[in-house]
Amino acid sequence: MESIKKDISTSKHEELIKHISAGKYEEVIKISEDLEYTLALAPNSEIPIEEVYAPYLAAYLILNQLPAAKFLWKRIPERQKTDEIRAIWNVGTALWNREFENVYGLIEGKPWSSLVAPLMTKLAELVRERVLDLLSEAYSSIAIDKAAQRLGLPQEQLIQVLTNRGWVLDAATKTLQPKTHKTEIVQNTSFTNFSRLTDLVIQLEKS
């Protein structure tokens, strides 16, 4: 019976690796949850539970499921919180506190394992996309140095990335203007939308 359970956990671990490679993050969570339960009943020396918790936690962050990630972090036994798992949660803490500009350094400054590296690379990309969306909604124009800080990019790379997306560079004032801002101003005239934009600015200023 124990042998059968170990075979099951080995098979699920192989599935986990495939889902990570395929970018199927909801499946990563599902398989990780199953593996956590299976390995608790029948430990498999070939699959350390830490190799399950790390991608499990990272997948929650990718899907922006921060409460679930926090709950997982709290239930991981202290002895199984490896340096890598702690580093992943440091990123989670920065996201939880909306300290977006700290996220990039926490991700890019860490030598991740081959299992976790693609997850953290994807997370950095998604955080940049989320922050870029916030900038597009919250600002009619933004200083280049400020945008570079928010997105964790060198200024030259930032200008190239944003102008390729239709942002307008004003070299004289050293600012960038979102492509769709003028359209949004016409549409977003209600008090509710004004309040939402105010909240977005406050959120960005906290980071």
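The values are calculated or read from the model by the stated rules, or taken from the named source; none is laboratory data. Given the structure is predicted, the values throughout are model-derived calculations rather than measurements. Cβ atoms come from the backbone with ideal geometry, glycine included; neighbour counts cover every protein chain shown.
Observations, loosely collected:
- Residue match in segment 16-23 (condition: buried (at least 18 other Cβ atoms within 10 Å of the Cβ), more than 20 Å from GLU129 (Cβ to Cβ) and modelled with pLDDT under 95): yes
- Contacts under 8 angstrom Cβ, first residue in segment 92-108 being surrounded by fewer than 16 Cβ atoms within 10 Å (Cβ to Cβ) and of a type in the set (Phe, Trp, Tyr), partner part of a helix (DSSP H, G or I) and modelled with pLDDT of 95 or more, 6 or more apart: TRP96/LEU66; TRP96/LYS70
- Within segment 29-56, restricting attention to residues that are in contact (Cβ under 8 Å) with a residue 40 or more places away in the chain and out of contact with any Lys or Arg (no Cβ under 9 Å at 6 or more places or on another chain), the residue that is surrounded by the fewest Cβ atoms within 10 Å (Cβ to Cβ) is GLU51.
- Any hit, segment 6-15, residues being crowded, with 20+ Cβ neighbours inside 10 Å and either at pLDDT 95 or above or aliphatic (A, V, I, L, M) (or both): no
- Subset tally (residues that are polar (S, T, N, Q), surrounded by fewer than 17 Cβ atoms within 10 Å (Cβ to Cβ) and within 22 Å of LYS174 (Cα to Cα)) for segment 110-144: 2
- Exclusive hit being among the hydroxyl-bearing types (Ser, Thr, Tyr) and either touching a Pro at 6+ places or on another chain (Cβ under 6 Å) or free of Cβ contacts under 8 Å to residues at least 12 places away in the same chain (or both), set SER114, SER140: SER114
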